[in-house]
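Trainee: Pasting a structure below so you can have a look.
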Amino acid sequence: MVIIRSILLSFRRPSCNPNKYFYSTIMSARTTNPTKMAQPSEYVVRRVDNITKSKEDKRLYRGLELVNGMKVLLVSDPSTDKSAAAMDVNVGFLSDPKEVKGLAHFCEHMLFLGTEKYPNENDYNKFLQEHGGTSNATTYMDHTMYYFDIVPEHLKGALDRFAQFFISPLFTESATDREINAVNSENDKNISSDVWRINQLDHHLCDPTHPYNTFGTGNTFTLKTSLKEKNIDIRGELLKFHDKWYSSNIMCLAVLGKESLEELESIVLQLFASVKNKETIGDRWDKHPFRLDQMGTIVYVTPIKDLRNLNIAFPCDDYIQYYKSAPTNYISHLIGHEGPGSILSALKGRGWSNNLVAGQRTAIRGFSFFSISVDLTEEGMKHVDDIIKLIFQYLNMLKKEKPQKWIQDETRDIGNIVFQFKDKESPRGYISNIVNNLQYYPLEDLLSAPYLISDWRPDLIEQVWTKLTPETARVALIAKAYETMCTETEPWYGTKYKREIIPIKTLQEWKECGLCEEFKLPAKNEFIPTDFSLYERIDTELEYPLIIQDTPLTRVWFKQDDKFLLPKANVMFDFVSPMAYLDPLNCNLTHMFVQLFKDELNEYAYAAELAGLKWELINTKYGLILGIIGYNHKQHILLEKVMEKLTNFTINPKRFNILKENYIRHLKNFSAEQPYQHAVYYLTVLLTEHSWSKQELLASTDQMTIERLEAFIPQMLSKMHIESLVHGNANQERALQMVQIVEDAFTSTLNMAPLLPRQLLLNRELKLEDGCNYMYEKENQVHKSSCIEVYYQCGLQSKENNVKLELFCQLIQEPCFNILRTKEQLGYIVFSGVRKSNGVQGLRIIVQSDKHPTFVDGRIENFLDSMKSYIEEMPEEEFLRHREALAAQRLEIPKQLVALTNQFWSEITSQQYHFNRAEVEVAQLRTLTKSDVIDFYNDLLGNDAKKRKKLSVHIVSTADGGAGGITEAGKEESENKPDITNADIISDITTFKSSHELYPLVQPYINITRKGNKCKL
């Protein structure tokens, strides 16, 4: 997967968190028992054990610099249930040869497809799959990262296979030719994505002699067609690229495992000390990609979706060496602030914009950009010059006020708190996030560098903002309104654009714009927590949430944290109202209420978010869900404000009209989403008891008025049931106090009436009949790729059925990817797994392809048919490995308080209350035999299974070059399309749904009285 770093980092929200060798001896170490190796000093130049870490971090760390130049971070965590490793190679697609665009990305793909020691193409992924592991890789502009996780017992085996990527890849001819198609499919997926198109346009418009002027993903043309014309051998280029750049001295490795630091070090030296040091010097680009004559310009861009954005980019230096003072973070914190006196506050007040993000982006070795991006309302489109003027006036205010040490101190304090009480992350995420830091930071500061600010350097802050001038600005205006004027075309994505020089008069006006009295520095943040004490732990034997209050109006679940022991809590409220999803209009009104409310509260709550106290309000089919998560010290203050605003809400007419127009555009823009998203969506519409379609929602937006919304809000809020979960650093008294804040707010302003138990029932799922084969087809006019989702319904969820289906999915996951994607090259997106919805489950297989869905349908059926013999012939020990891999996956312990909260909350909102589901189902799983899985297949999934229930959704591309058309390449596959005359075509969703019965709801796992009744506990 190639990633343009500006896509990932594109804008940072203001945050305190703003990177003569002994070959013969080393080679022999590969086959030596690590416990009998020579002294580590022969392989290690430097060992660092004093890495700064959080006080709450119980893991042990060691940094190494190996003789071959590789930097290594070892992390010992005896309590981990997953081990992980990541390798960062300091080369990316900016180092592609000019004549082979996409080579770095292609090399990343090819490394997965066999090495000299493990020549089978799928050996690495198969090994991981059989031992509960996953893997991925990403190509950035200046580095490439590979990572995996696995059950701890098999870390060494995975590392051995992983190390061969960097020692002896095969790059076979057959795999080379096939994988070009995979890269091309990946590129096709991105062609209609506005994020990718705008980033590629940025590359296109820079100095054509600069390496930034490139196309990093690659496609069939760059990796095959054009090379044949030049008699360039792609495999030879791969070998040269790997031989030049995959050098140990520009590689960084991070490994986390159960083993001690000494054991991890021994394993790493045995496997990675033999990676060759070719004394490669990583590329650095001190020259900025945009010349002075390319600045002071404005580019008009036609997007695929109906977007309206204004982006301003300034050239910026690479400030990574100044991580202890983080000057760019100081500026992004202020420009991107959303409180009173901010740029965003002024823009919203004028009705010109709704969102603003700012910060350093595309920070690679030698240069970066400082970018400011705002969305535009219809009125804002008329005031682009005025918006840019306001931004420069805010910069003038900052320059006038000079850098303020108290602001830096505040962000420093927040950073210290975040680092001190940092949540534990999943091993794979943690290691992959940290490995690139090895390239930039001293080993001692590796963990703390992104968080801790110790130096006050106002000179660097001023140095940064003096470069943010009108003359160096590059402005991009992205909107459908510019379509007629966009007469130029970017070659790789076909983006229509028009570049012009900004008039000198306009630049002068921005330069001499003076000050705006509205702008001021933010107030001191009163939400920064100061009390980090933990509540006395009680009821330590209670492992799961307990009901501590149950009335007709409110049910309260409580679980004191006894695992993470951090000064944090998560407070969740489910406000259930049958009004919320009664019809499409009510659904729209509920959405508008939520958006207006969040918009209204944003300025106040933004300071809390900066201080690590987040809140969210979302609308669901059943009403509203309110969540407040983070440091518990001042949660009640934020909750009181939220509830006071919620129950006394008044509509701002200007904001209503702006957000309504935003919502309508959002509904319309769904047509430009990826085909696989359409397939998933239409399957949900087909199978869910009540589900309003995008078209139905859009049709009812005409009825959305301020008057209707004003009448609707009290109706919805006055007849509800409230279910709450308080989980974390709290006791029962504190939990009830938080819930009382909510109850008091509702009862003091609204005449609340409880709901009947029948009004609290959940949606049900359509029950397909045995032996059915349905097909639903929709067109997609935007993307070149088509998509199919095939769903085989397997009945109600239960302990026995759950584990049989999950084990079957575990067994076929790797061969599904290997056969349909790697071998048959059907498409870049290939997925198989369990679909669970409304208490019903089934097998889903999704393939997004340039081939017609009916053809892919046949290949999926062929694959599924082959899985019976595949499982029957599977050696028993391999079957047991898969079974234990699934068990390990299911028993994986949540690494963060919020992850465990989500597990509990999911059981509560689904009304199943199966809090120890993983333990119970894994016990059942471990009783399953191969015969049980085969019987399950024969009963529900096999081609001749009497109880087979199949529903496929076909999303057919009608875009130019899409799979819906008959091209030369498409003629053969059209002739090989399976006969779908035996499929029942769904022509009308309502008719289809009305002709089917519904499954019953899954009953609660525990003995519990239905909500809405007053029960005795």
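A short reminder: the numbers here are calculations on the coordinates, not readings from a lab. Quick caveat, the model's predicted, so the values are computed rather than measured. Using ideal geometry, Cβ is built from the backbone for each residue, glycine included, and neighbour counts are taken over all protein chains shown.
Trainee: Can you bin segment 292-511 into rounded, prolate or oblate? Criterion: square roots of the alpha carbon gyration tensor eigenvalues sorted a ≥ b ≥ c, rounded for a/c under 1.5, prolate for a/b above b/c, oblate for the rest.
Mentor: It comes out prolate by the Cα gyration axes.
Trainee: Roughly how many whole Å is it from the C-alpha centroid of segment 796-859 to that of segment 904-968?
Mentor: Computed from Cα coordinates, the inter-centre distance equals 7 Å.
Trainee: Over what distance in Å are the Cα centres of segment 61-140 and segment 197-248 separated?
Mentor: After rounding, the separation between the Cα centres reads 21 Å.
Trainee: With labels modelled as points extended 7 Å from the Cα through the Cβ direction, what inter-label distance (nm, one decimal) is found for Ile637 paired with Ser837?
Mentor: Each label point is offset 7 Å from its Cα along the Cβ direction, giving 4.4 nm.
Trainee: Next question, about the same structure. Where does each of Cys587, Cys772 land when they are ranked from fewest to most other beta-carbon atoms within 10 angstrom?
Mentor: In order of increasing Cβ crowding within 10 Å: Cys772, Cys587.
Trainee: Related question: Calculate one ³J(HN,Hα) per residue across segment 188-200 by plugging θ = phi - 60° into the Karplus curve 6.51 cos²θ - 1.76 cosθ + 1.60, and present them in order as whole Hz with x for glycine and proline.
Mentor: Values, residue by residue: 4, 4, 8, 4, 9, 8, 4, 4, 5, 5, 5, 5, 5 Hz.
Trainee: Would you indicate which of [x] 42; [y] 26; [z] 32 is the value of percent of Cα pairs over 49 Å apart derived from the coordinates of this structure?
Mentor: It is the one labelled [y].
Trainee: Please give the net charge around His210, taking every other residue with its beta carbon less than 10 angstrom from that of His210, where Lys and Arg add +1 and Asp and Glu add -1.
Mentor: Around His210, the surrounding residues sum to +1.
Trainee: Report, in whole Å, the centroid distance computed from the Cα atoms of segment 574-615 and segment 495-548.
Mentor: 18 Å
Trainee: Where Lys and Arg each count +1 and Asp and Glu each count -1, what net charge lies around Leu626 among other residues with Cβ under 10 Å from its Cβ?
Mentor: Result for the neighbourhood of Leu626: -2.
Trainee: Shifting gears a bit: Just how many pairs of Lys in segment 744-836 have C-alpha atoms closer than 27 Å, counting pairs that are eight or more places apart or on different chains?
Mentor: Number of lysine pairs found: 8.
Trainee: Through the Karplus equation 6.51 cos²θ - 1.76 cosθ + 1.60, θ set to phi - 60°, convert the phi angles of segment 480-490 into ³J(HN,Hα) values in whole Hz; use x for Gly and Pro.
Mentor: Values, residue by residue: 4, 4, 9, 4, 5, 8, 7, 9, 9, 10, 6 Hz.
Trainee: Once amide H atoms are placed 1.01 Å from N in the peptide plane, what residues at a sequence separation of 5 or more from Leu998, or on another chain, have their amide H within under 5 Å of its amide H?
Mentor: Lys767
Trainee: What ranking do 577-583, 868-874, 913-919, 225-231 get when scored by the average of other Cβ atoms within 10 Å per residue, highest first?
Mentor: Peptide ranking by packing, descending: 577-583, 913-919, 868-874, 225-231.
Trainee: Sticking with this structure for a sec: Can you put Lys823, Lys949 in order of Cβ neighbours within 10 angstrom, beginning with the fewest?
Mentor: Ascending Cβ contact count within 10 Å gives the list Lys823, Lys949.
Trainee: Would you tally the net charge around Lys389, using a Cβ to Cβ cut-off of less than 13 Å, leaving Lys389 out, and scoring K and R as +1, D and E as -1?
Mentor: With Lys, Arg at +1 and Asp, Glu at -1, the neighbours total -2.
Trainee: Still on this model: Quick check on the chain: of the DSSP beta bridges with both residues there, what percent are antiparallel, nearest 5%?
Mentor: Beta bridges within the chain, antiparallel portion: roughly 80 percent.
Trainee: Related question: Calculated from DSSP H runs of 4 or more alone, at -39500 (n - 2.57) each and per residue, what is the 222 nm mean residue ellipticity of the chain, nearest 500?
Mentor: After summing the helix terms and dividing by the residues of the chain, the value is -11500 deg cm²/dmol.
Trainee: Moving on. Can you sort Asp988, Asp202 by how many other beta carbons sit within 10 Å, fewest first?
Mentor: With the sparsest Cβ surroundings first, the list reads Asp988, Asp202.
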